[in-house]
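**Q** My questions will all concern the structure given below.
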Amino acid sequence: GDSVTQMEGPVTLSEEAFLTINCTYTATGYPSLFWYVQYPGEGLQLLLKATKADDKGSNKGFEATYRKETTSFHLEKGSVQVSDSAVYFCALSSGSARQLTFGSGTQLTVLP
Amino acid sequence: DTAVSQTPKYLVTQMGNDKSIKCEQNLGHDTMYWYKQDSKKFLKIMFSYNNKELIINETVPNRFSPKSPDKAHLNLHINSLELGDSAVYFCASREDRGLYNSPLHFGNGTRLTVT
């Protein structure tokens, strides 16, 4: 079945540091890939997505590239801010599935 | 102009009670979901409805019963609440066209605490 593996947290960075959160997946066919962000006390919000190999999703300075050869979709940001502190979820949706499969989430804390 | 709204936001109740959580979406989506998030932030799907028809029913105790009166609403009723039911419950919806490319839209969650 489909699965998503994210790097374990928590991750603590200083403001303006470079961020990478690793995400790899297992799926049949060619899934769509998503990153969601959950701020404290809120629901999950779509951060970015990519629907085919080599697509790059980007939003709010975050980027992730759909790498079919390594089955990865790593999230990156060049310079994090305190306001980026949140839990980040990688997820996939494959052709036959009527649901998203989520990774376990990575807690990010950015210190001033 | 909330897209997916859940009520209540917080729910504190005693073991053995019965409670309901309501969800409404104004996005015109055909598919709605209930997810459970535990204290470690792990998300587990519980149910999904498409146009009022149950399409996903994961291994969930039968004390949990979803009800969809129309495609814009998906409520969750829980009987005989147990301590282990304490969690945050999220409602979500999704556009049916191009389904597997479509993202989920989440509500802000209902934090259930069973004492």
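The values are calculated or read from the model by the stated rules, or taken from the named source; none is laboratory data. The model shown is predicted, which means the values in this text are computed figures rather than measured ones. When we count neighbours, we look across all protein chains shown, and the Cβ atoms used for this are built from the backbone with ideal geometry, even at glycine. Calculation scope for accessible area: heavy atoms of the full protein, side chains included, ligands and nucleic acids excluded. Shrake-Rupley method; radii C 1.70, N 1.55, O 1.52, S 1.80 Å.
**Q** Across the residues of B:101-112, average count of Cβ atoms on other protein chains within 10 Å?
**A** Details: counts 9, 6, 12, 10, 4, 7, 3, 4, 5, 0, 1, 0.
That works out to 5 on average.
**Q** Moving on to the next point. How far is it, in nm, from the label point at A:Thr5 to the one at B:Phe42 when both lie 7 Å from their Cα along the line to the Cβ?
**A** 1.6 nm
**Q** Using a 10 Å cut-off on Cβ to Cβ distances, tally the other chain neighbours for every residue of A:39-50 and report the average as a whole number.
**A** Details: counts 0, 0, 5, 4, 14, 12, 3, 4, 1, 1, 3, 1.
The per-residue average across the peptide is 4.
**Q** Which whole-angstrom value gives the distance between the alpha carbon centres of segment A:1-59 and segment A:65-87?
**A** Centre-to-centre distance over Cα atoms comes out at 6 Å.
**Q** If I ignore ligands, DNA and RNA and count only protein heavy atoms, how much of A:Glu69 is accessible to a 1.4 Å probe, in Å² to the nearest 10?
**A** Spelled out: A:Glu69, probe radius 1.4 Å, area about 130 Å².
**Q** What is the antiparallel percent of DSSP beta bridges lying wholly in chain B, to the nearest 5? Intermediate values should be presented prior to the final figure.
**A** Details: 36 of 40 bridges.
Around 90 percent antiparallel, to the nearest 5.
**Q** Relative contact order of chain B: what whole-number percent is it, with Cα pairs under 8 angstrom and at least 6 residues apart? Write out the running numbers ahead of the final one.
**A** Working: 282 pairs, mean separation 41.7, N = 115.
Relative contact order of chain B: 36 percent.
**Q** Inverting the mean 1/r over all pairs of different Cα atoms, compute the Kirkwood radius of chain A and quote it in Å. Don't skip to the end; give the middle numbers.
**A** Working: mean 1/r = 0.0715 Å⁻¹.
Computed over Cα pairs of chain A, the Kirkwood hydrodynamic radius comes out at 14.0 Å.
**Q** Would you mind putting B:101-112, B:66-77 in packing order, based on average other-beta-carbon counts within 10 Å, highest first?
**A** On the way: B:101-112: 20.8, B:66-77: 17.1.
Averaged packing, sorted descending, gives the order B:101-112, B:66-77.
**Q** Check cross-link reach from A:Lys68 to the aspartates and glutamates: straight Cα distance under 17 Å, and skip same-chain residues fewer than eight apart.
**A** Straight-line reach from A:Lys68, under 17 Å: A:Asp2, A:Asp54, A:Asp55.
**Q** Okay, next question. What does the average come to when, for each residue of peptide B:39-47, you count the partner chain Cβ atoms lying within 10 Å of its Cβ? Don't skip to the end; give the middle numbers.
**A** Working: counts 0, 3, 9, 5, 11, 1, 5, 0, 0.
For peptide B:39-47, the averaged partner shielding equals 4.
**Q** Starting from the 7 Å offset along Cα-to-Cβ, what nm value, one decimal, do you get for the label separation of B:Leu54 and B:Asn101?
**A** Calculated label separation equals 3.3 nm.
**Q** If each of B:Arg111 and B:Ser5 carries a label point 7 Å out from its Cα toward its Cβ, how far apart are those two points in nm?
**A** Simple spin-label model gives 2.1 nm for this pair.
**Q** Now, a different point. Could you list the residues of segment B:83-115 with an amide nitrogen less than 20 Å from a label point located 7 Å from the Cα of A:Gln107 in the Cα-to-C-beta direction?
**A** Of the residues in segment B:83-115, B:86-90, B:109-113 have backbone N under 20 Å from the label point off A:Gln107.
**Q** How much solvent-accessible surface does A:Met7 expose, in Å² to the nearest 10, with a 1.4 Å probe and all protein chains in place?
**A** Spelled out: A:Met7, probe radius 1.4 Å, area about 60 Å².
**Q** Of A:Lys77/B:Lys44; A:Lys49/A:Lys77; A:Lys56/B:Lys44, which pairs sit farther than 18 Å apart, going by alpha carbon to alpha carbon? Don't jump to the answer; show the numbers that get you there.
**A** Values: A:Lys77/B:Lys44 28 Å; A:Lys49/A:Lys77 15 Å; A:Lys56/B:Lys44 27 Å.
In this structure, A:Lys77/B:Lys44; A:Lys56/B:Lys44 exceed 18 Å between Cα atoms.
**Q** Using a simple charge model, +1 on the beta-carbon of Lys and Arg, -1 on the beta-carbon of Asp and Glu, nothing else, what dipole does chain A show about its Cα centre, in debye to the nearest 20? Intermediate values should be presented prior to the final figure.
**A** Numbers: 8 positive and 11 negative charges, 75 e Å.
Roughly 360 debye, rounded to the nearest 20.
**Q** May I pose another question? Over the alpha carbons of the protein assembly as shown, what is the largest minus smallest coordinate on each principal axis, giving the biggest first in Å?
**A** Result, largest extent first: 48, 39, 34 Å.
**Q** Out of residues 5 or more away from B:Ser86 or on other chains, whose amide H comes under 5 Å of its own, with H placed 1.01 Å from N in the peptide plane?
**A** B:Val114
**Q** A further question on this structure: Could you give the size of the charge dipole of the protein assembly as shown about its Cα centre, using +1 on the Cβ of each K and R and -1 on the Cβ of each D and E, expressed in debye and rounded to the nearest 20? If you can, show how the numbers build up before the last one.
**A** Numbers: 22 positive and 23 negative charges, 74 e Å.
Magnitude of the dipole: close to 360 debye.
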